[in-house]
Amino acid sequence: MTEWDKTKPILEIENLSISFFTRLREIPAVMDFSCTVMPGEAMGLVGESGCGKSTVALGVMRDLGKNGRITGGSIRFKGRDLTTMSEEDLRHLRGSEIAMIYQEPMASLNPAMTIGAQLAEVPMIHESMSKDAAWKLARDIVADVRLPDPDRILRAYPHQLSGGQQQRIVIAMALMSKPALLILDEPTTALDVTVEAGIVDLVKELGEKYGTSMLFISHNLGLVLEVCDRLCVMYSGEAVETGNVAEVFDKMRHPYTQALFRSIPLPGADKNSRPLVAIPGNFPLPHERPPGCNFGPRCDYFEAGRCDATEIRMAEVPGDRHGSRCLKFAEIDWDAPLKAVKKVEKTPVGEVVLEMDALRKYYEVGSGKFFGGGEAKVVKANETLSFSAREGETLAIVGESGCGKSTFAKVLMGLETATSGKIVMYNQDIQDTPIEKRSTDTVSSVQMVFQNPFDTLNPSMTVGRQIIRALEIFGEGNSDEERRARMLELLDLVKLPREFGDRMPRQLSGGQKQRVGIARAFAGGAKIVVADEPVSALDVSVQAAVTDLLMEIQRKNRTTLLFISHDLSIVRYLSDRVMVMYLGHVVELGTTDQVFSPPYHPYTEALLSAVPIADTRVTKKRIVLEGDIPSAMNPPPGCPFQTRCRWKSEVPGGLCDREVPPVRHLATGHQIKCHLPDEVLTKMEPVITIAAE
Amino acid sequence: MLMFLSRRLGIMALTALCLTFVVFFLTNLEPNLEKLARSEGSVRMSDDQVTSWLEANGHARPLIMRYGEWLGVLPGWTRDVDGSVTGRCIRGGLTAETAPTRCGVLQGNWGQSSVFKRPVGEIMGRSLAATGWLMLWVMIVMVPSALLLGVLAGMREGTRTDRALSTVAIATTATPEYVSGVILIVVFASATAGISPVLAEWGWISGRTLFQGTATSAMDKITFWNFGLPVLTIALYGMGYIARMTRASMTEVMTAQYIRTARLKGVKFRDVVIRHALRNALIAPFTVIMLQFPWLLNGVVIVETLFNYKGFGWTLVQGAGNNDIDLLLSCSVVAVIVVLVTQLISDIGYAFLNPRIRIS
């Protein structure tokens, strides 16, 4: 590897256009894209799904598949044009000078090869290293990415590692031959927040250590703020704004960037006094892009006859290599306060409608019960869950994967029955009644909105038919006409045009599908709605609209909303009370303010610190949890969190190792499960501080 | 692993027991026994004589008893008529005193073949050895060529190579053995038709035909000349099927993300296929290949009869055609064991190929 002049850019993309060719037509995926990455610089590519950010990455790798082709422009890596390079030359570049880290670590590792073999392959190909030397290097790099017991890991197969460990292996693989450029394609999207925080730290540290340039692709603005020096915002195949992170975040010069920031829940946003502003309309399909500015139809500053007249080029904005693809950026008053958004009254909270008392759910997993072989193991999915929810209240349930939040939802819905404990809904015990045996009334009053709107609608039934079907099951309406009328009303409720009743689900976008899901959940006049990550599969700009809709329906119907999420920003924005779960235990429960300010449960503290926030004013205390979440099949003795807790040494006598902490009430309605003495709890500092403006 | 094996062997024994009972029941139906009586005794026996013959030879007792005797868990029947004792186990120079009480499959006594007038065990041993050679050569020809065909077709989906190879695979597997066998004989093993006369004229082959149309001489000495056609007939049929399976699994693996990872690591295309894709692609066809063994038994019946090769299939046909109950029973036991053993091997091999199952 030759040393590259540090003053010249590592990667220069100029006016790059990439199209995919189908039988029907050419679909331009990326148009007129330019960016420059200097040595040691981290460049962020931000945008919603379908905006072409991953296509740019694959274009740099020249791996666009059979249908993709670069139709114009150039990609220069260390001065050499990649678009005209031969396959053989490219092969020498891939993996040695440019390496890539992928979104799904499990899928990107070969399931039938040991980790060591996959890692050692890289230097063996590119540096003709001997096998022993390559394995030795692999061992060093595995230790570098901070994995415990490297020798064992090298001999392991991918499925034996956890998601976080797998991603560290993928990073290690990328670093095996010290590449000059690292492309990270949503490297943490599939991981839990606390694991994500660890990976982000690692990536930053290694970038500094090896002086690697990075192209960091993400839809998460908060992450980009943490990792990158510069960023490029993409919309519908074009770069719309580029510049250094501080300038783009604080002095944005493109309406799309502005709208994006207004639609994500930053600290200070509140569902009643400062609601989010969703971007109106939908993302244009690649072959239905409007003339002129692609963002035009959704833009507040749109001027007919000017914005849709000609192709718009990237224009220089005063500042540090700052550019914007907007004709009007010099005219718009960027500091103007948000137009008066309607504020709403806080919904008063009513009677207790749902009460859980010491609810337990254990699963038995045993193999070979048929011949009596194998020991049955017990998975303690929920451990003594007690709480109550009131009418019109939003209770958020927060926790990482495997914490038992979905199991709890299943038990409440009646898809599973409780092992012990009580669920009382409207003075009725329902913990032992599976859903088949519940009365129509009970079923229709507890409904669910699911995480993935793409899988939960029947693809061969019209939207209206599916809602009517729900109405039939709930026994609503006396005739087909009545039910049809009610269905149209429900479409109004979720703000979908009435024509959508006759459409098939495939004709709808993700956000629209989720609205149908919500309409279906409310079809029987649900009193309690369990929303299991209802917006996490949606794009940022759509999330705000769907969240708003849920809030509005809740206000209207005085519904109790149980909002299951791992995204603390959105939880903070919309919930009244928050319940934090870890390994089946409720570790903290309180009002949103109580949970989000000290004293915290140590796990809540770590969780808050791990969530990336897209606001330059925020300073956070870095708390990175070591290791992975223990398996629910084999939980640690004593406190479930003791294996990763940074406060453990403050508790005298090794109490954490021995006893499950009792529930303690700190203030009215605020409870935590922790052994920490009061004086330590009161000394806790806030994790997030916002600098005064 | 031991636990797994012993459990599997237990299930196998149970399955074998059930299946042999079904076969025993079917071969010992009333009309079959009547036919047996007439062929062993006299064709012109009256119905009364048949009944008494069946009684005299121990066939008139409850089915379950007879099954137990055949199996060797119940003592064989004895019959004392005027002082001379006859019985199931009293044969071949043994007297009532020296004969063992139980003589069934478990004691290694497979019975006497009524067609060949010899112990079934001896016939089975000989024919299985013959079929074993046939199977071995079929596998040697079929598996590598099928895998090669499948991998070549699957590594670049939709290309001309893929389409050409897929057509070949479909054509061979769509032609049953009794068709392909006849065609192959005409083309390669006829002194007047096909390519043999041409080759002989050019002096490329010393004999009159490229292959021999009958494989009887292969019983003594296997040569390319006498064994080529039967092997080819069975192998062609199975090859297409396995190749299709391999292709499907190969195309799927080639689109997997870890293949992209390997490609973007800078691995050569050849190594991507051999080192990264092949093992993953072989996991699915492996079970299919193992299931081909029992299927081969099918083909063997036709091919051995066609080429007059006195192996297992030929023996089965003889037994079935001549109402040879003991021979049929032992054939079915062998078939059951072949099926179950290959299944066991397939499960173990699957675990070996797939680390996700091996280490759990």
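The values are calculated or read from the model by the stated rules, or taken from the named source; none is laboratory data. Because the structure is predicted, anything quoted here is derived from the model rather than measured. Cβ coordinates were reconstructed from backbone atoms using ideal geometry, including for glycine residues, and neighbour counts include every protein chain displayed. All accessible areas refer to the heavy atoms of the entire protein, side chains included, with ligands and DNA or RNA removed. Shrake-Rupley method; radii C 1.70, N 1.55, O 1.52, S 1.80 Å.
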Give me a single rounded figure for A:111-121: the average over its residues of other chain Cβ atoms within 10 Å of their Cβ.
4
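How would region A:434-488 be classified by its alpha-carbon gyration tensor: rounded, prolate or oblate, with rounded meaning a/c under 1.5 and the a/b versus b/c comparison settling the rest?
In terms of gyration-tensor shape, oblate.
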Using only the alpha-carbon atoms, how far is helix B:325-353 inclined from the longest principal axis of chain B? Give it as 0 to 90 degrees, nearest 10.
30 degrees
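Looking only at other chains, what is the average number of their beta-carbon atoms within 10 angstrom of each beta-carbon in A:98-107?
Numbers: counts 2, 3, 4, 1, 5, 1, 1, 2, 2, 5.
Per residue, the number of nearby Cβ atoms from other chains is 3 on average.
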Considering protein heavy atoms only and a 1.4 Å probe radius, which residues within region A:131-167 exhibit an accessible-area decrease of no less than 50 Å² in the full assembly relative to the chain by itself?
A:Tyr157, A:His159
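Suppose every K and R has +1 on its Cβ and every D and E has -1 on its Cβ; what is the size of the dipole of region A:257-338 about the Cα centre, in Debye to the nearest 20? Walk me through the intermediate numbers first.
Details: 10 positive and 11 negative charges, 48 e Å.
Here the size comes out at about 240 debye.
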List the cysteines of chain B that have no other Cys Cβ closer than 4.7 Å: which are they?
B:Cys18, B:Cys331
Between A:Ser386 and B:Thr98, how many nm apart are label points set 7 Å from Cα along the C-beta direction?
8.7 nm
Express the carbon and sulfur contribution to the solvent-accessible surface of region A:226-367 as a percent, rounded to the nearest whole number, probe 1.4 angstrom.
52 percent
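When ligands, DNA and RNA are left out and all protein chains stay put, how many square angstrom of accessible area per residue does the protein assembly as shown have with a 1.4 Å probe?
With the other protein chains kept in place, the protein assembly as shown gives 45 Å² per residue.
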Using 0.36 nm times the number of residues separating A:Lys495 and A:Asn427, minus their current alpha carbon distance, what extension gain do you get?
21.1 nm
Report, in degrees rounded to the nearest 10, the 0 to 90 angle that the Cα long axis of helix B:30-40 makes with the longest principal axis of chain B.
70 degrees
If you wrap a convex hull around the alpha carbons of region B:129-359, what volume per residue comes out, as a whole number of Å³?
147 Å³
Say the cut-off is 24 Å between C-alpha atoms; which of A:Lys377/A:Lys410; A:Lys6/B:Lys268; A:Lys620/A:Lys648 go over it?
A:Lys6/B:Lys268
Segment B:Glu252-B:Ala174, length gained on full extension (0.36 nm per residue, minus Cα span):
25.7 nm
Let me know the shape class of region A:578-693, please: from the alpha-carbon gyration tensor, a ≥ b ≥ c as square roots of the eigenvalues, rounded when a/c is under 1.5, otherwise prolate if a/b is greater than b/c, or oblate.
prolate
Binned at 5 Å starting from 0, the alpha-carbon pair-distance distribution of region A:169-314 in whole percents comes out as 2, 8, 15, 17, 16, 15, 11, 9, 5, 2, 0
Quick check: residue separation of A:Glu481 and A:Glu659 times 0.36 nm, minus the Cα distance between them. What number comes out in nm?
58.0 nm
Using the Kirkwood radius over Cα pairs of chain A, the Stokes-Einstein translational diffusion coefficient at 25 °C and 0.890 mPa s, in µm²/s and rounded to a whole number, is 89 µm²/s
Quick one: with all protein chains in place, what share of the accessible area of region B:129-359 is carbon or sulfur, to the nearest percent (1.4 Å probe)?
68 percent
Chain A - share of DSSP beta bridges that are antiparallel (%, nearest 5)
60 percent
Measure nothing fancy, just the Cα-based angle from helix B:278-306's long axis to the longest principal axis of chain B, in degrees from 0 to 90, nearest 10.
50 degrees
Computed log₁₀ I(q)/I(0) - Debye formula, equal Cα scatterers, no solvent, region A:461-528, q 0.13, 0.14, 0.16, 0.21 Å⁻¹
-0.30, -0.34, -0.45, -0.78
Label-point gap, in nm, between A:Glu331 and A:Ala133 - each point 7 angstrom along Cα→Cβ:
6.5 nm
Accessible area lost on pairing A with B, both sides, 1.4 Å probe, Å² to nearest 100?
2500 Å²
Other chains near B:252-263: what is the mean number of their Cβ atoms within 10 Å of each residue's Cβ?
5
Accessible surface of A:Trp135 in the full protein assembly, 1.4 angstrom probe, to the nearest 10 Å²?
70 Å²
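Are there chymotrypsin sites (Phe, Trp or Tyr not before Pro) in region B:99-208 that DSSP marks as loop and that have at most 15 other Cβ atoms within 10 Å, and which are they?
Sites meeting the loop and neighbour criteria: B:Trp204.
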For the residue pair B:Arg61 and B:Leu29, what label-to-label distance in nm results when each label sits 7 Å from Cα along the Cα-to-beta-carbon direction?
2.5 nm
Largest first, please: the extent of the C-alpha atoms of region A:214-284 along each principal axis, to the nearest Å.
40, 29, 20
Mean residue ellipticity at 222 nm from the helices of chain A, using -39,500 (n - 2.57) per DSSP H segment of n ≥ 4 over the full residue count, to the nearest 500 deg cm²/dmol?
-8500 deg cm²/dmol
Dipole magnitude (debye, nearest 20) for chain B, charges at Cβ of Lys, Arg, Asp, Glu:
1900 debye
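Only Cα pairs under 8 Å and at least 6 apart count here; give the relative contact order of region B:129-359 as a rounded whole percent.
In percent, rounded to a whole number, it is 24.
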Mean residue ellipticity at 222 nm from the helices of chain B, using -39,500 (n - 2.57) per DSSP H segment of n ≥ 4 over the full residue count, to the nearest 500 deg cm²/dmol?
-22000 deg cm²/dmol
